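The values are calculated or read from the model by the stated rules, or taken from the named source; none is laboratory data. From a predicted model like this one, the values you see are computed outputs, not experimental measurements. Neighbour counts run over all protein chains shown; Cβ positions are idealised from the backbone, glycine included. In case anyone asks, the SASA skips ligands and DNA or RNA and just uses the protein heavy atoms, side chains included. Shrake-Rupley method; radii C 1.70, N 1.55, O 1.52, S 1.80 Å.
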Amino acid sequence: MTGSELAQIYEFSYGAIQRNLDGLTHEDSVLCPEPAGNSVNWVLGHMVTGRGLVLMLAGADGTVLTDDEAARYRRGSAALRESGSAVAIDRLKSALDETQQRLIPALNALSAESLSADVPEQFRRPPLLGTVGQALTRLGYHEGYHNGQIGLLRRMAGKEAAIK
């Protein structure tokens, strides 16, 4: 897979995320499915932190949330069950937009040599094994998986399906 093909995945994904988030309020974003599961807010924050990792693997600055904000959304963090512990949905949307502005040029600029390099040691953990290209492909799937969750959580918040 080339850098431009990876960029296309993130362009398509970004459009779907935007549609799924359209019309959701902060209150909608913190609703959690019962008996367990994560809210739109957590899933979006998690996707933004994942995009930070994509940016770093692509050789760009991956900082979009503060360390305190990002900690709430990392893999294995607790579900956000109250509005006060969640980052405002508008802040997360803004961070998503920021990642998109950085991500597309960074991915488009990746050479075949960069994509075939081993994942740097500091990032190497399952599923980020093998080459940078393989890791970026897995992270693209990761984003699609969570994008689908947002679509379902949107419906649970009483909104119409955004993608029909």
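Solvent-accessible area assigned to carbon and sulfur over the chain amounts to 54 percent, based on a 1.4 Å probe. Each Lys or Arg adds one and each Asp or Glu subtracts one; over the other residues with Cβ under 14 Å from the Cβ of D118, this totals 0. Summing +1 for each Lys or Arg and -1 for each Asp or Glu among the other residues whose beta-carbon sits under 12 angstrom from that of E98 gives +2. Working note: Cα gyration tensor of the chain, eigenvalues times five, square-rooted, sorted largest first, giving semi-axes of 28, 17, 14 Å.
GNM on the chain, alpha-carbon springs under 10 angstrom: the most fluctuating residue among G76, G133, G52 is G76.
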